[in-house]
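The values are calculated or read from the model by the stated rules, or taken from the named source; none is laboratory data. All figures in this text were calculated on a predicted structure; none of them were measured in a lab. Reconstructed Cβ throughout: ideal geometry from the backbone, glycine too, with neighbour counts over all protein chains shown. Note: areas computed on protein heavy atoms with side chains; ligands, DNA, RNA excluded. Shrake-Rupley method; radii C 1.70, N 1.55, O 1.52, S 1.80 Å.
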Amino acid sequence: GLFQLGGLRPGLSNDGLDLLFRLRGPQPPDQRIVLIGIDEPSLRRLGAWPFARRLHAQLLDRLRQAKAVGFDLLFPEPSADDSLFNQALAQGPPVVLAVAHERDGRLARPAPTLDGSRGLGHIETQLAGDGIVRRVNLDSLGDVAPFSLALLQAAAITSPLPVPVGPQIINFHGPEESFLFLSYHEVLSGRYPPAFFRDRLVLVGARAVGLGDSHITAFTRELPTPGVEIQATIVSNLLQQAFIRPLPLVAWLLIGLIGLLAVLVWPDCGERVNLVVNLALAAAIFLLALFLFRQACFVDYPLVLLFLFLAY
(Lines give C-alpha, C1' and ligand atoms only; values in the text may rest on other atoms or scores of the structure.)
Protein backbone atom coordinates (compact mmCIF):
# COMPACT_ATOMS: atom_id res chain seq x y z
CA GLY A 1 0.00 0.00 0.00
CA LEU A 2 2.81 2.43 0.81
CA PHE A 3 4.52 1.66 -2.48
CA GLN A 4 1.24 2.30 -4.30
CA LEU A 5 0.47 5.54 -2.47
CA GLY A 6 4.03 6.75 -2.90
CA GLY A 7 3.92 6.26 -6.65
CA LEU A 8 6.76 3.73 -6.66
CA ARG A 9 4.82 0.69 -7.87
CA PRO A 10 4.22 1.95 -11.46
CA GLY A 11 7.95 2.57 -11.79
CA LEU A 12 8.75 -0.98 -10.66
CA SER A 13 6.16 -2.40 -13.06
CA ASN A 14 7.55 -0.36 -15.95
CA ASP A 15 11.09 -1.55 -15.21
CA GLY A 16 9.83 -5.13 -15.15
CA LEU A 17 8.06 -4.61 -18.49
CA ASP A 18 11.21 -3.21 -20.09
CA LEU A 19 13.26 -6.17 -18.84
CA LEU A 20 10.81 -8.62 -20.42
CA PHE A 21 11.13 -6.84 -23.77
CA ARG A 22 14.91 -7.24 -23.73
CA LEU A 23 14.74 -10.88 -22.64
CA ARG A 24 12.12 -11.73 -25.26
CA GLY A 25 14.17 -10.19 -28.04
CA PRO A 26 13.07 -8.68 -31.37
CA GLN A 27 10.15 -9.94 -33.43
CA PRO A 28 9.45 -9.31 -37.13
CA PRO A 29 7.14 -6.35 -37.81
CA ASP A 30 4.30 -6.40 -40.32
CA GLN A 31 5.88 -6.44 -43.78
CA ARG A 32 3.02 -4.42 -45.26
CA ILE A 33 4.36 -1.29 -43.55
CA VAL A 34 7.09 0.84 -45.13
CA LEU A 35 8.58 3.99 -43.61
CA ILE A 36 9.97 6.92 -45.56
CA GLY A 37 12.28 8.92 -43.34
CA ILE A 38 13.42 12.51 -43.67
CA ASP A 39 17.03 11.79 -42.80
CA GLU A 40 20.27 13.76 -42.89
CA PRO A 41 21.08 12.89 -46.55
CA SER A 42 17.61 14.12 -47.56
CA LEU A 43 18.15 17.39 -45.71
CA ARG A 44 21.52 17.87 -47.39
CA ARG A 45 20.15 17.19 -50.88
CA LEU A 46 16.72 18.82 -50.66
CA GLY A 47 17.42 21.77 -48.36
CA ALA A 48 16.48 22.82 -44.88
CA TRP A 49 13.32 21.67 -43.13
CA PRO A 50 10.44 22.19 -43.72
CA PHE A 51 10.51 20.96 -47.30
CA ALA A 52 8.50 22.75 -49.96
CA ARG A 53 5.15 21.02 -50.29
CA ARG A 54 5.68 20.52 -54.01
CA LEU A 55 8.21 17.85 -52.95
CA HIS A 56 5.49 16.06 -50.97
CA ALA A 57 3.29 16.25 -54.07
CA GLN A 58 6.05 14.64 -56.14
CA LEU A 59 6.52 12.01 -53.44
CA LEU A 60 2.84 11.07 -53.60
CA ASP A 61 3.22 10.52 -57.33
CA ARG A 62 5.88 7.90 -56.52
CA LEU A 63 3.51 6.28 -54.02
CA ARG A 64 0.44 6.13 -56.25
CA GLN A 65 0.13 2.33 -55.87
CA ALA A 66 0.28 2.38 -52.07
CA LYS A 67 -2.76 1.23 -50.15
CA ALA A 68 -2.63 4.35 -47.96
CA VAL A 69 -0.11 7.01 -46.97
CA GLY A 70 0.19 8.68 -43.59
CA PHE A 71 2.15 11.90 -43.11
CA ASP A 72 3.45 12.00 -39.54
CA LEU A 73 4.12 15.68 -40.17
CA LEU A 74 2.22 18.85 -39.33
CA PHE A 75 1.07 21.35 -41.99
CA PRO A 76 -0.59 24.05 -39.85
CA GLU A 77 0.30 27.05 -42.02
CA PRO A 78 -0.64 27.72 -45.67
CA SER A 79 2.11 27.76 -48.27
CA ALA A 80 2.57 28.77 -51.89
CA ASP A 81 2.57 25.12 -53.01
CA ASP A 82 -0.70 24.13 -51.33
CA SER A 83 -2.69 23.95 -54.56
CA LEU A 84 -0.18 21.51 -56.06
CA PHE A 85 0.02 19.46 -52.86
CA ASN A 86 -3.76 19.49 -52.50
CA GLN A 87 -4.16 18.20 -56.05
CA ALA A 88 -1.77 15.35 -55.28
CA LEU A 89 -3.73 14.56 -52.11
CA ALA A 90 -6.95 14.32 -54.09
CA GLN A 91 -5.57 12.29 -57.00
CA GLY A 92 -3.05 10.02 -55.30
CA PRO A 93 -3.51 7.16 -52.84
CA PRO A 94 -5.64 7.68 -49.71
CA VAL A 95 -3.70 10.07 -47.46
CA VAL A 96 -4.02 10.78 -43.74
CA LEU A 97 -2.57 13.98 -42.31
CA ALA A 98 -1.55 14.38 -38.69
CA VAL A 99 -2.86 16.70 -36.01
CA ALA A 100 -1.30 17.22 -32.59
CA HIS A 101 -1.84 19.18 -29.41
CA GLU A 102 -0.27 22.61 -29.17
CA ARG A 103 1.12 24.01 -25.93
CA ASP A 104 -2.19 25.73 -25.17
CA GLY A 105 -4.07 22.43 -25.55
CA ARG A 106 -5.65 23.17 -28.92
CA LEU A 107 -5.31 20.79 -31.85
CA ALA A 108 -2.95 21.93 -34.59
CA ARG A 109 -4.86 20.94 -37.73
CA PRO A 110 -3.71 21.12 -41.36
CA ALA A 111 -4.08 24.47 -43.10
CA PRO A 112 -7.58 25.11 -44.56
CA THR A 113 -6.00 25.08 -48.03
CA LEU A 114 -5.26 21.35 -47.61
CA ASP A 115 -8.61 19.62 -47.90
CA GLY A 116 -7.83 16.78 -50.32
CA SER A 117 -6.78 14.14 -47.79
CA ARG A 118 -8.95 11.17 -46.84
CA GLY A 119 -8.75 11.85 -43.14
CA LEU A 120 -7.01 13.27 -40.11
CA GLY A 121 -5.39 11.42 -37.24
CA HIS A 122 -4.14 12.73 -33.92
CA ILE A 123 -0.63 11.86 -32.78
CA GLU A 124 -0.56 10.83 -29.15
CA THR A 125 2.78 9.98 -27.55
CA GLN A 126 2.33 9.06 -23.91
CA LEU A 127 5.49 9.53 -21.91
CA ALA A 128 5.83 7.77 -18.57
CA GLY A 129 7.32 9.51 -15.57
CA ASP A 130 10.79 8.46 -16.72
CA GLY A 131 10.23 9.90 -20.21
CA ILE A 132 9.92 6.51 -21.94
CA VAL A 133 7.14 5.67 -24.41
CA ARG A 134 5.28 2.50 -23.42
CA ARG A 135 1.58 3.16 -24.05
CA VAL A 136 -0.78 4.78 -26.53
CA ASN A 137 -4.32 6.03 -26.04
CA LEU A 138 -6.59 4.86 -28.85
CA ASP A 139 -9.53 7.09 -27.91
CA SER A 140 -10.69 9.67 -30.45
CA LEU A 141 -10.41 13.39 -29.77
CA GLY A 142 -13.78 14.70 -30.82
CA ASP A 143 -14.12 13.98 -34.53
CA VAL A 144 -10.42 13.05 -34.94
CA ALA A 145 -9.45 9.38 -34.66
CA PRO A 146 -5.99 8.23 -33.58
CA PHE A 147 -3.48 8.43 -36.42
CA SER A 148 -3.04 4.66 -36.64
CA LEU A 149 -6.77 3.95 -36.80
CA ALA A 150 -7.31 6.74 -39.33
CA LEU A 151 -4.65 5.21 -41.58
CA LEU A 152 -6.29 1.78 -41.47
CA GLN A 153 -9.70 3.31 -42.15
CA ALA A 154 -8.30 5.18 -45.16
CA ALA A 155 -6.86 1.90 -46.43
CA ALA A 156 -10.24 0.18 -45.91
CA ILE A 157 -8.65 -2.39 -43.60
CA THR A 158 -11.04 -3.73 -40.99
CA SER A 159 -10.34 -6.14 -38.16
CA PRO A 160 -12.62 -9.07 -37.30
CA LEU A 161 -12.06 -8.22 -33.62
CA PRO A 162 -13.23 -5.05 -31.88
CA VAL A 163 -10.74 -2.20 -31.95
CA PRO A 164 -9.26 -1.72 -28.48
CA VAL A 165 -10.00 1.56 -26.73
CA GLY A 166 -8.23 3.47 -24.00
CA PRO A 167 -4.57 3.14 -23.04
CA GLN A 168 -2.76 0.18 -24.61
CA ILE A 169 0.71 -1.21 -23.91
CA ILE A 170 2.66 -0.99 -27.17
CA ASN A 171 4.26 -4.26 -28.24
CA PHE A 172 7.56 -3.00 -29.65
CA HIS A 173 9.01 -5.33 -32.27
CA GLY A 174 12.61 -4.45 -31.56
CA PRO A 175 15.08 -1.60 -31.19
CA GLU A 176 15.07 1.53 -33.29
CA GLU A 177 14.68 1.09 -37.05
CA SER A 178 13.18 -2.40 -36.90
CA PHE A 179 10.92 -1.48 -39.84
CA LEU A 180 11.98 -1.02 -43.44
CA PHE A 181 13.21 2.58 -43.59
CA LEU A 182 13.66 4.29 -46.97
CA SER A 183 15.31 7.66 -47.45
CA TYR A 184 12.97 10.45 -48.56
CA HIS A 185 15.28 11.74 -51.27
CA GLU A 186 15.92 8.23 -52.65
CA VAL A 187 12.21 7.59 -53.07
CA LEU A 188 11.77 11.03 -54.60
CA SER A 189 14.60 10.43 -57.07
CA GLY A 190 12.91 7.26 -58.35
CA ARG A 191 15.25 4.67 -56.86
CA TYR A 192 12.20 2.59 -55.93
CA PRO A 193 9.58 2.00 -58.65
CA PRO A 194 5.90 2.67 -57.83
CA ALA A 195 5.21 -1.09 -57.93
CA PHE A 196 7.45 -1.49 -54.86
CA PHE A 197 4.77 0.24 -52.76
CA ARG A 198 1.80 -1.67 -54.20
CA ASP A 199 -0.79 -2.48 -51.49
CA ARG A 200 1.53 -1.28 -48.74
CA LEU A 201 0.93 1.16 -45.90
CA VAL A 202 3.47 3.98 -46.16
CA LEU A 203 4.27 6.35 -43.30
CA VAL A 204 6.30 9.49 -43.92
CA GLY A 205 8.02 11.22 -41.03
CA ALA A 206 11.19 12.59 -39.47
CA ARG A 207 14.16 10.27 -39.13
CA ALA A 208 16.94 12.78 -38.48
CA VAL A 209 17.45 13.24 -34.76
CA GLY A 210 17.87 16.99 -35.25
CA LEU A 211 14.22 17.34 -36.29
CA GLY A 212 13.20 16.59 -32.71
CA ASP A 213 10.65 13.82 -33.34
CA SER A 214 12.24 10.89 -31.54
CA HIS A 215 11.67 9.19 -28.20
CA ILE A 216 13.13 6.51 -25.96
CA THR A 217 11.08 3.30 -26.00
CA ALA A 218 10.70 0.40 -23.61
CA PHE A 219 12.67 -2.01 -25.79
CA THR A 220 16.15 -0.49 -25.60
CA ARG A 221 15.99 2.56 -23.31
CA GLU A 222 19.16 3.73 -25.04
CA LEU A 223 18.99 5.24 -28.54
CA PRO A 224 15.95 7.32 -29.53
CA THR A 225 13.37 5.84 -31.90
CA PRO A 226 11.83 8.08 -34.60
CA GLY A 227 8.27 9.05 -33.81
CA VAL A 228 7.09 7.76 -37.18
CA GLU A 229 8.39 4.30 -36.25
CA ILE A 230 6.42 4.39 -33.01
CA GLN A 231 3.31 5.16 -35.07
CA ALA A 232 4.19 2.30 -37.42
CA THR A 233 4.49 -0.03 -34.41
CA ILE A 234 1.00 0.97 -33.28
CA VAL A 235 -0.35 0.29 -36.77
CA SER A 236 1.40 -3.09 -36.79
CA ASN A 237 -0.06 -3.94 -33.37
CA LEU A 238 -3.53 -3.15 -34.71
CA LEU A 239 -3.00 -5.28 -37.81
CA GLN A 240 -1.68 -8.23 -35.79
CA GLN A 241 -3.88 -7.69 -32.70
CA ALA A 242 -0.62 -7.73 -30.77
CA PHE A 243 -0.91 -5.11 -28.03
CA ILE A 244 0.41 -6.32 -24.67
CA ARG A 245 -2.54 -7.39 -22.50
CA PRO A 246 -2.17 -6.88 -18.74
CA LEU A 247 -3.28 -9.77 -16.53
CA PRO A 248 -3.90 -8.24 -13.09
CA LEU A 249 -5.91 -11.25 -11.91
CA VAL A 250 -2.90 -13.55 -12.33
CA ALA A 251 -0.77 -11.23 -10.19
CA TRP A 252 -3.36 -11.23 -7.40
CA LEU A 253 -3.69 -15.03 -7.58
CA LEU A 254 0.07 -15.33 -7.13
CA ILE A 255 -0.10 -12.95 -4.18
CA GLY A 256 -2.82 -15.19 -2.73
CA LEU A 257 -0.51 -18.19 -3.20
CA ILE A 258 2.18 -16.38 -1.23
CA GLY A 259 -0.41 -15.73 1.47
CA LEU A 260 -1.02 -19.48 1.70
CA LEU A 261 2.71 -20.08 2.04
CA ALA A 262 2.85 -17.56 4.86
CA VAL A 263 0.16 -19.48 6.74
CA LEU A 264 0.87 -23.10 5.86
CA VAL A 265 4.60 -23.39 5.11
CA TRP A 266 6.78 -20.65 6.59
CA PRO A 267 5.84 -21.10 10.28
CA ASP A 268 6.54 -24.87 10.24
CA CYS A 269 9.78 -24.92 8.22
CA GLY A 270 13.30 -23.82 9.01
CA GLU A 271 15.10 -20.91 7.40
CA ARG A 272 16.96 -23.05 4.88
CA VAL A 273 13.83 -24.81 3.66
CA ASN A 274 11.94 -21.53 3.44
CA LEU A 275 14.81 -19.95 1.52
CA VAL A 276 14.76 -22.76 -1.04
CA VAL A 277 10.97 -22.58 -1.32
CA ASN A 278 11.00 -18.81 -1.76
CA LEU A 279 13.80 -18.82 -4.34
CA ALA A 280 12.07 -21.57 -6.32
CA LEU A 281 8.78 -19.66 -6.18
CA ALA A 282 10.44 -16.41 -7.26
CA ALA A 283 12.09 -18.17 -10.21
CA ALA A 284 8.80 -19.83 -11.17
CA ILE A 285 6.96 -16.47 -11.02
CA PHE A 286 9.56 -14.82 -13.23
CA LEU A 287 9.58 -17.68 -15.77
CA LEU A 288 5.77 -17.62 -15.87
CA ALA A 289 5.84 -13.88 -16.53
CA LEU A 290 8.38 -14.35 -19.34
CA PHE A 291 6.35 -17.19 -20.89
CA LEU A 292 3.14 -15.15 -20.82
CA PHE A 293 4.96 -12.12 -22.20
CA ARG A 294 5.93 -14.16 -25.24
CA GLN A 295 2.16 -14.60 -25.71
CA ALA A 296 1.74 -10.79 -25.54
CA CYS A 297 0.50 -10.82 -21.94
CA PHE A 298 2.00 -8.96 -18.99
CA VAL A 299 1.89 -10.13 -15.39
CA ASP A 300 3.03 -7.49 -12.91
CA TYR A 301 5.69 -9.79 -11.48
CA PRO A 302 7.66 -7.01 -9.71
CA LEU A 303 4.58 -6.44 -7.53
CA VAL A 304 4.38 -10.15 -6.70
CA LEU A 305 8.10 -10.45 -5.94
CA LEU A 306 7.95 -7.31 -3.81
CA PHE A 307 5.07 -8.79 -1.83
CA LEU A 308 6.99 -12.05 -1.38
CA PHE A 309 10.04 -10.22 -0.05
CA LEU A 310 8.13 -7.90 2.31
CA ALA A 311 5.78 -10.60 3.57
CA TYR A 312 8.61 -13.00 4.39
Computed FRET efficiency, Cβ-Cβ of E222 and R54, R0 30 Å: what is it to the nearest 0.05?
0.20
Round to the nearest 0.05 the FRET efficiency obtained for Q4 and S159 when R0 = 45 Å and r is the Cβ-Cβ distance.
0.80
Net length gained if the chain between R44 and S83 were fully extended (0.36 nm per residue, minus Cα distance):
11.4 nm
Rounded to whole Å, √(5λ) for the Cα gyration tensor eigenvalues of the chain, largest first, gives 46, 18, 17
I'd like the distance separating the alpha-carbon centroids of region 183-231 and region 25-60, in whole Å.
6
What 222 nm value per residue comes from the helices of the chain, counting each DSSP H run with n ≥ 4 as -39,500 (n - 2.57) and dividing by all residues, nearest 500 deg cm²/dmol?
-12500 deg cm²/dmol
Treating only Lys and Arg (+1) and Asp and Glu (-1) as charged, each at its beta carbon, one finds that the chain has a dipole about its Cα centre, in Debye to the nearest 20, of 620
Bridge orientation stat for the chain from DSSP, antiparallel percent rounded to 5, came to 30
Cα extents of region 144-240 along the three principal axes, largest first, in whole Å?
40, 35, 24
What distance in nm lies between label points placed 7 Å from Cα along the C-beta direction at V209 and D15?
2.6
Please list, in chain and number order, the residues 5+ apart from T217 or on another chain whose amide H is under 5 Å from its amide H, with Hs placed from the backbone.
V133, E222, T225
Which number do you get for Rg(Cα) / (2.2 N^0.38 Å) in region 55-179?
1.13
How many percent of the alpha carbon pairs in region 80-148 exceed a separation of 17 Å?
52
Tilt relative to the chain, helix 301-311 - C-alpha long axis, 0 to 90 degrees, to 10:
30
Whole-percent carbon and sulfur share, accessible surface of the chain, 1.4 Å
59
Identify which of V187, V299, V263 has the largest mean-square fluctuation in a Gaussian network model of the chain, with springs joining Cα atoms closer than 10 Å.
V263
